[in-house]
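Okay, so here's the structure we're looking at.
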Amino acid sequence: MAFLSVNPDAFAACSPVVGEMPPDALRKLALHCLKACQRKRFPPSAEEYVKRLAQVGVEMSARKVETVTNWLDHLYSEAVRSAPEPEAFERKLGKTCRNLSPEASQVLAAVWAKEAANAHEPPVQTTLTLLSAEWRVGFPIKGNTTNPPSVSFVFNTQSPEGGPEPHPVNLPYSSFLHFSKAIKQANEALAAVSEQS
């Protein structure tokens, strides 16, 4: 399948949001997303990246960061799958996303050009051993109003040194519903596989 051939119109429609991100921040997020597509690193959470942006004086909502992250994930997943040459990557990106700023396009192409040679290296083992999981439900309060509930998890995994390593995750209620549905589907799939064994 050709590079950027899956749903190009929807992909192009989201590209202006990508251009809102400062070039240096976009470069870092793009590299992080590319590494995640190559399974060499876990993708960043939107909340984590919003905090990083705020530290350098850039205000961007978690929703916009999530849109950019999903967009980059689509871009680099297709690139890893179809392995275009750096020049072809930049050319196709420019044709597909005409409303993407030239500066953003150059940043994304430069990230691909730098990493293209490593795109087909075998993925690094990213399986973690879960030691325990803790959770709590919270109701954030701002002023006199209570916001929708959220669920906070801490997944304790085994670090390379052998000790526990905490991985906190905070999910707004809507995200928790998606997470819960995915866990239920995984449980059903495992049950079906177990029955066949």
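The values are calculated or read from the model by the stated rules, or taken from the named source; none is laboratory data. Owing to the predicted nature of the structure, the values given are computational and were not obtained by experimental measurement. Accessible surface is based on the protein model in full, side chains and every heavy atom, while ligands, DNA and RNA are left aside. Shrake-Rupley method; radii C 1.70, N 1.55, O 1.52, S 1.80 Å.
Can you return the aspartates and glutamates within cross-link range of K64? Criterion is Cα-Cα under 20 Å, with same-chain partners fewer than 8 residues away left out.
D9, E20, D24, E47, E48, D73, E103
Length gain on complete extension for the stretch E134 to E103, per 0.36 nm per residue less the alpha carbon to alpha carbon distance?
Working: separation 31, 0.36 × 31 = 11.16 nm, distance 4.32 nm.
Extra length available between E134 and E103 comes to 6.8 nm.
Compute, for R91, the solvent-accessible surface of its heavy atoms (probe 1.4 Å) with the complete set of protein chains present, and express it in square angstrom to the nearest 10.
140
What does the accessible area per residue of the stretch 45-105 come to in Å², with a 1.4 Å probe and no ligands, DNA or RNA counted?
Averaged over the residues of the stretch 45-105, the accessible area is 57 Å².
Using the Karplus curve 6.51 cos²θ - 1.76 cosθ + 1.60 with θ = phi - 60°, what ³J(HN,Hα) values do you get for each residue of the stretch 74-87, in whole Hz, with x for Gly and Pro?
Going residue by residue, I get 4, 4, 7, 4, 5, 5, 5, 5, 9, 6, x, 5, x, 5 Hz, with x marking Gly and Pro.
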